[in-house]
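Enquirer: I'd like to ask some things about the structure below.
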Amino acid sequence: MSAKKILIIEDEMVFAMELKKSLQLLGYTIVGVARRGADGVRLARETWPDLILMDIHLQGSMDGIEAAEKINSLYSIPIIFLTAYSDDATVSRVIRTEQYGFLTKPFNDRELYSNIEMAISQHRTRKKSHVDATVIDSMISLVSDPIISTGISGQVTRMNAAAEELTGYTQEEMTGNVLWEMMDIRSGAITDLMQDIQSNRDTVLPIIHWPDRIVISTKLRGEVATAINVGFIRDPGSTSIRELLFVFSRPDSSVPDAMTERKDMA
């Protein structure tokens, strides 16, 4: 396995050389050392490292936080900030960059190594999650049946155009809200369904077929009866469920009177 590549952006050259030596002893490859933010942005483009160690206070007109924001806008590279002191205003600016770490000088090799490895791991996980989310978005957009995805507790994460048509809600209106509260799924059906999901969450079943039609409350069409299946999206290499895919059938008509009566009696 090739050594991870590190770019150092640090204007104190004595410290930068000591840092370079420490990183090499830890098994990393140093792809460059820059003293100015603009040079760091250029080297990030040319070397594309696995991680950047960025001093906050740099020579020139661009400080480390501005350089990080520039790199963020152009490339996908995790950054750990380095500083000799950390006032509240600086910390607030660092937080807004959504970077992966903050080391206050002086620090030891153990702190350096653990922060680098954690940052690279978190970045790879975040990239994979973004790719997975993009794949899921593309998949459900191509399906003609209404599909709504949620977290394990029911908060809506995405829905396709067919689901917007069925429910009368836009994705923006639904996202973050609990599915069965927004759609008023009643008569105990959702409780039974979620119990089914919980009991099957550690099995290899890819989908639960719910046999009974359920009643949902839509924004524009009132109450409708629909069938529902639930699929699982699991974490890679794990039985842990990350998301649920609720797949609805397209209703042919409004809720029959008999179904309404049974619901009212519940």
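The values are calculated or read from the model by the stated rules, or taken from the named source; none is laboratory data. In this text the structure is predicted, and so the values were computed from the model without any measurement. Reconstructed Cβ throughout: ideal geometry from the backbone, glycine too, with neighbour counts over all protein chains shown.
Enquirer: Could you please give the count of residues in region 155-164 that are assigned to a loop (DSSP other than H, G, I, E, B) and either surrounded by fewer than 18 Cβ atoms within 10 Å (Cβ to Cβ) or not assigned by TED's automatic domain parsing to the domain that holds Phe232 (or both)?
Expert: Selection size over region 155-164: 0.
Enquirer: Can you name every residue in region 23-52 that is in contact (Cβ under 8 Å) with a residue 60 or more places away in the chain and of a type in the set (A, V, I, L, M)?
Expert: Residues satisfying the conditions are Leu23, Leu25, Leu26, Leu51.
For every residue, the table says whether it meets (1) within 26 Å of the chain's Cα centre (by Cα); (2) basic (Lys, Arg); (3) over 22 Å from Thr104 (Cα atoms); (4) surrounded by fewer than 19 Cβ atoms within 10 Å (Cβ to Cβ).
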{"site": "Val14", "(1), (2), (3), (4)": "no, no, no, yes"}
{"site": "Glu18", "(1), (2), (3), (4)": "no, no, no, yes"}
{"site": "Leu25", "(1), (2), (3), (4)": "no, no, no, yes"}
{"site": "Thr29", "(1), (2), (3), (4)": "no, no, yes, yes"}
{"site": "Asp39", "(1), (2), (3), (4)": "no, no, yes, yes"}
{"site": "Leu53", "(1), (2), (3), (4)": "yes, no, no, no"}
{"site": "Leu58", "(1), (2), (3), (4)": "no, no, no, no"}
{"site": "Lys70", "(1), (2), (3), (4)": "yes, yes, yes, yes"}
{"site": "Ser73", "(1), (2), (3), (4)": "yes, no, yes, yes"}
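Enquirer: Answer with yes or no whether Leu7 is surrounded by fewer than 14 Cβ atoms within 10 Å (Cβ to Cβ) and either hydrophobic (A, V, I, L, M, F, W, C) or closer than 25 Å to Thr125 by Cα (or both).
Expert: no
Enquirer: Could you list, ordered by first residue, the pairs with Cβ atoms under 8 Å in which the first is in region 168-183 and modelled with pLDDT under 90 and the second is among the small types (Gly, Ala, Ser) and outside any loop (DSSP other than H, G, I, E, B), at least 6 apart or interchain?
Expert: Close Cβ pairs (under 8 Å, with a partner that is among the small types (Gly, Ala, Ser) and outside any loop (DSSP other than H, G, I, E, B)) amount to Met183/Ser217.
Enquirer: Follow-up. Filter region 31-68 for residues that are under 24 Å from Tyr113 (Cα atoms) and at pLDDT below 90 and give the result.
Expert: Listed by number, the residues that qualify are Ile56, His57, Leu58, Gly64, Ile65, Ala68.
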